[in-house]
Amino acid sequence: MRVLLVGAGGVGTAVTRIAARRPFFEVMVVADYDPARAAAAVAALDGDARFVAERIDAADEAAVAALLARHRCDVLLNATDPRFVMPLFGAARTAGATYVDMAMSLSRPHPERPHQECGVKLGDAQFAEADDWAAAGALALVGMGVEPGLSDVFARYAADELFDEIEEIGIRDGANLTVDGYDFAPSFSIWTTIEECLNPPVVYEADRGWFTTAPFSEPEVFDFPEGIGPVECVNVEHEEVLLVPRWVKADRVTFKYGLGAEFVETLRTLHRLGLDGTTPVTVPSAQGPVRVSPRDVVAACLPDPATLGERMHGKTCAGTWVRGVKDGAPREVYLYHVVDNQWSMAEYGSQAVVWQTAVNPVVALELLATGAWSGAGVLGPEAFPARPFLDLLTEYGSPWGLREQ
């Protein structure tokens, strides 16, 4: 396997550190718009000759396809933010490469009824090309991070091995992470955080299909394992709700994120001020007027999440809560994966949230390399058997858990 990794930020750098310990690939080209960032990621790997640094503009589909061809890469792993999904998706198809991402093509709210009806859903642009990928025998494995990703694998595992009938699948994400010296410091890309938290959340019900609610709706307190404890969770737009029902039969699917009241209020304030917008506005400067996206300004004012590891304390938990019937009796479980920031920093030099996101696509790449996973078309993690993934994740030194509720 020869891999083009696009994006050498926090998650991309963590991918290289995890992959460097595994023998399943021949080359990993680490490409970023900032060549210094790609070079730094490669330089940190103690001279591992399998890693090569390159510069690339992820928005330039032709240039990405050419880079894939030049290095004879048969896989493109997208570790950029969702704005670049479609050009990278297209470049992989042009080059005949397998495509893997951790977040899907962007949504657009319904123009008249944004909190009742779906407009363009997450992943719609990619699924529109599914027949073309399948006809070519090509694979796009979409949503293969931690959430979406591992959470979807948990849903498939529950359907295959734990339940006869599933009434509800609810992704529940929570943490007790704190960051020294900052009142507000998201542990993941603020660009992506704003996108998923302020867009209308999507809910799936078997008799209704996909529909939307208001941001931060249906609050509930969920008790997270391994000392994290109770966290208030709210509805947030996320890919699992659009992926799980395509392959797993369930009456209802939701995603709720443990944000906390202060975090929610900060996001609401950004929205009230228009600072969540992506349309450039004109700003005066000493060199004359410049056009800049308000959301990019917010991102520039906040610390890079990849640099927060030394200041961060606590654990993060990603998991899938499932309620249904097994052998005629009610059953309720929570399948989960917890990462302690102290452990991930000591072991990999990566903060917990980016490491937890990065480990899952590396596991998936290894399963594709060995043939344990295979397929054609635009497929989510639910389209593949769960047990090989969960066994290999444990082999990577990061076991998962199951709690009867």
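The values are calculated or read from the model by the stated rules, or taken from the named source; none is laboratory data. All values reported here derive from a predicted model rather than from experimental measurement. As a convention, Cβ positions derive from the backbone with ideal geometry for all residues, glycine included, and neighbour counts pool all protein chains shown.
Set side by side, the residues Cys197, Cys233 differ, and just one is touching a Gly at 6+ places or on another chain (Cβ under 6 Å), of a type in the set (A, V, I, L, M, F, W, C), under 23 Å from Pro109 (Cβ atoms) and not in a loop (DSSP other than H, G, I, E, B), which is Cys233. Looking across the stretch 236-261, the residues that are in contact with a Phe, Trp or Tyr (Cβ under 8 Å, 6 or more places away or on another chain) and part of a helix (DSSP H, G or I) come down to Glu240, Val241, Leu242, Val244, Pro245.
Of all residues in the stretch 296-315, one or more are touching a strand residue (DSSP E or B) at 6+ places or on another chain (Cβ under 6 Å), of a type in the set (D, E, K, R), at pLDDT 90 or above and under 30 Å from Ala158 (Cβ atoms). Quick check: is even one residue across the stretch 300-313 in contact with a helix residue (DSSP H, G or I) (Cβ under 6 Å, 6 or more places away or on another chain), surrounded by 11 or more Cβ atoms within 10 Å (Cβ to Cβ) and not aliphatic (A, V, I, L, M)? Within the stretch 300-313, one or more residues are in contact with a helix residue (DSSP H, G or I) (Cβ under 6 Å, 6 or more places away or on another chain), surrounded by 11 or more Cβ atoms within 10 Å (Cβ to Cβ) and not aliphatic (A, V, I, L, M). Residues satisfying the criterion are present in the stretch 38-46 (criterion: closer than 21 Å to Val359 by Cα, at pLDDT below 95, assigned to a loop (DSSP other than H, G, I, E, B) and in the same structural domain as Cys73 (by TED's automatic domain parsing)). The set of residues in the stretch 132-161 that are out of contact with any strand residue (DSSP E or B) (no Cβ under 8 Å at 6 or more places or on another chain), surrounded by fewer than 24 Cβ atoms within 10 Å (Cβ to Cβ) and in contact (Cβ under 8 Å) with a residue 12 or more places away in the chain comprises Asp132, Ala136, Gly137, Arg156, Asp160, Glu161.
Residue pairs whose Cβ atoms lie under 6 Å apart, separated by 6 or more positions or on different chains, with the first residue in the stretch 196-223 and at positive phi and the second surrounded by 17 or more Cβ atoms within 10 Å (Cβ to Cβ) and in a strand (DSSP E or B), are Phe216/Val234; Glu218/Asn235. The single condition from (1) over 19 Å from the mean Cα position of the chain (by Cα); (2) surrounded by fewer than 20 Cβ atoms within 10 Å (Cβ to Cβ); (3) among the small types (Gly, Ala, Ser) that Ala383 fails is (1).
Among the residues of the stretch 44-66, the ones that are exposed (fewer than 14 other Cβ atoms within 10 Å of the Cβ) and hydrophobic (A, V, I, L, M, F, W, C) come to 2 in all. Scanning the stretch 1-37 for residues that are part of a strand (DSSP E or B), surrounded by fewer than 17 Cβ atoms within 10 Å (Cβ to Cβ) and not aliphatic (A, V, I, L, M) returns a single hit, Arg2.
Selection over the stretch 222-233 of residues that are aliphatic (A, V, I, L, M) and at pLDDT below 95 gives a count of 1.
Restricting Ala250, Ala300, Ala261, Ala306 to those that are without any contact (Cβ under 8 Å) to a residue 24 or more places away in the chain and in the same structural domain as Glu165 (by TED's automatic domain parsing) reduces the list to Ala300.
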